Structure formats: C-alpha cells, structure tokens
Amino acid sequence: MFDDLKALQVIHDGPSLTVRFNAPETGNAISGLLLDELLAVLGALDDHPDIRVLILAAAGDDFCLGGDRAEFPSLISSQEGQAAMRALGNKARRVCDLLATTGVVTIARLHGAVVGAGVGLAVLCDLRAGAENCRFRLPELGLGVPPAWGGIMPRMLYESGAARLRELVLTAENFDARKAAELSILHKVVPEEELDATIDRWTKPLLRRSPAALRTAKAMLNSYAGAHRLGDGTLLDTELLTYAVAAREVSRSPR
C-alpha cells in the first residue's frame, strides 16, 4: 500500500496504519509533496475499512519543523506564484480536514522539535504521546506571518483554551513536553525509549473495540466539539497567509 511515496513511509499492519514523515534532512518540514502524499493516504482510508488506528510518526531527530519556508519566496514572486501559494494553503486545509474528521482513531507519536504546522497536525490527532525531549513552538508571528495554516486554530483553542493559546501565539516562545501536557497538547509524556510501548498500550484495546462503535464515538466527539461554532472563520486562512507572505516578501525586496 502506497509503496511509491517519497516524503512519507507507510506501514500497513492489519488494522493499524503507521504514517511516518520521511524527510529527516529537512526536519520533516511540510512541503507541497508531503501534503500531496498525506492527501492520498488520508483520502484512501475509506477504501480500507479494516484500518481502525492510524499512527502519525516521523523519522530522524525531529517530528516536524513546520511549513517548508524555503518554498514560500518562489511561490509568492508573481501573480501565478500567489495562485500557487493559495493552492498550497487549500491543500493544507484539505489535509487537516481529513485528519480531523476521519473515522479512524488517530495517534500522534512525537519526539524532538514539533514546530508550527507540525503542532497543528499533532493536535488534530485524537491521542498524543510525546517523548521527554520534545520541544514545541508556534513561531509564525516571529516570522512575520499570522498563524493561519490549515484551519487548525479552532481545534487548538478547543484543546488548550483561549488564554493559554494566546500566550503561545503572541510570544512565540519555546515550551517543553511537560508544559505541552499542562496545555493538553500531549496526553502522555514518557522517555523516548518508551514511546512505542505507550502507543501499543493505546492501540491494543482500541483494536478490540467494535469498529462501528469507534467510528460513532469519534463522530459524536467531533460534532460536540464544533457545536459552539456559529461560523467558520478558518475559511479565510489561505487568503490571510497568502497576503501576509506576499507583504513580507515585498518588504524584504530591494527598493
């Protein structure tokens, strides 16, 4: 299954699917290629009703260093580039929507640096375990752009609370795994060598549950989590990010 992928490694083991970011040379930065491959994998889950648990993991020293900022200047250098930037943003939104709404139980296995969009993808997972060496950051304001990627802000607000998330976004400060657990970004913090055993302790009982009951429970949790929202402001994320990156690049251009 998905043997021709480049940015991801996918391991299908019966009812469990491990999706591993596989670009350690870039710190598993989220590129257009990685988004394309995530879309393919997540979009195919409905064709594999035997899969009940998806584990999101990463190769190398870090889980994810966030969006691939090396792509931004080339994408935004012309009107055609701005259209490409919008397409990339819309692609990120589709990935996040699929990850948030899949009927499969999703588990994030985190280690090393977890930055920006990497934090967002992790928080979209149902269960999240992190190694003690995890370091988190939401750096967008420090980079001159708003935290407008993939429509993840409402989920982060719901999981961590508005006051605490406001501090993380406005200060762009690093925080460790213990702080992430206090903020409900992590459910469990363990030594890195115990991460796999921790994931197994979640996975084994999940695989004994009724598939129909699991999917129904997930649908209920997702529905109740979004019940307070009167409108979806995240539909503006792509335009906000495209405008902000374009403005930043113009300010950096020689006069």
Problem - Which numbered condition L88 misses (of (1) at pLDDT below 90; (2) open to solvent by less than 50 Å² (accessible area, probe 1.4 Å); (3) out of contact with any Lys or Arg (no Cβ under 8 Å at 6 or more places or on another chain); (4) not in a helix (DSSP H, G or I)) - result: (4)
Handout entry: Meets criteria (open to solvent by 60 Å² or more (accessible area, probe 1.4 Å) and either within 23 Å of T106 (Cβ to Cβ) or not in a helix (DSSP H, G or I) (or both)) for L157
Key = yes
Practice task
For L121, indicate whether it is over 19 Å from L99 (Cβ atoms), part of a helix (DSSP H, G or I) and in contact (Cβ under 8 Å) with a residue 24 or more places away in the chain.
Solution key: no
Problem - All positions within region 186-208 that are outside any strand (DSSP E or B) and among the hydrophobic types (A, V, I, L, M, F, W, C) - result: L186, L195, A197, I199, W202, L206, L207
Exercise for the section: Would you point out which residue out of E80, E132 is surrounded by fewer than 16 Cβ atoms within 10 Å (Cβ to Cβ) and at pLDDT 90 or above? Expected result: E132
Completion exercise
Of (1) modelled with pLDDT of 60 or more; (2) touching a Gly at 6+ places or on another chain (Cβ under 9 Å), W202 fails just (2)
Handout entry: Residue pairs meeting the criteria (Cβ under 6 Å; at least 6 apart or on separate chains; first small (G, A, S), in region 11-29; second at pLDDT below 95 and assigned to a loop (DSSP other than H, G, I, E, B))
Key = A29/D68
Practice task
Consider only pairs whose beta carbons are under 6 Å apart and that are at least six residues apart or on different chains; among these, list those whose first residue lies in region 137-157 and is within 15 Å of A122 (Cβ to Cβ) and of a type in the set (D, E, K, R) and whose second residue is modelled with pLDDT of 90 or more and open to solvent by 40 Å² or more (accessible area, probe 1.4 Å).
Solution key: R137/N174
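The values are calculated or read from the model by the stated rules, or taken from the named source; none is laboratory data. It should be emphasised that the depicted structure is a prediction, and the values quoted were computed from it without experimental measurement. Ideal geometry is used to build each Cβ from the backbone, glycine not excepted, and the neighbour counts take in all protein chains shown. Side chains included, ligands, DNA and RNA excluded: accessible areas come from the protein's heavy atoms. Shrake-Rupley method; radii C 1.70, N 1.55, O 1.52, S 1.80 Å.
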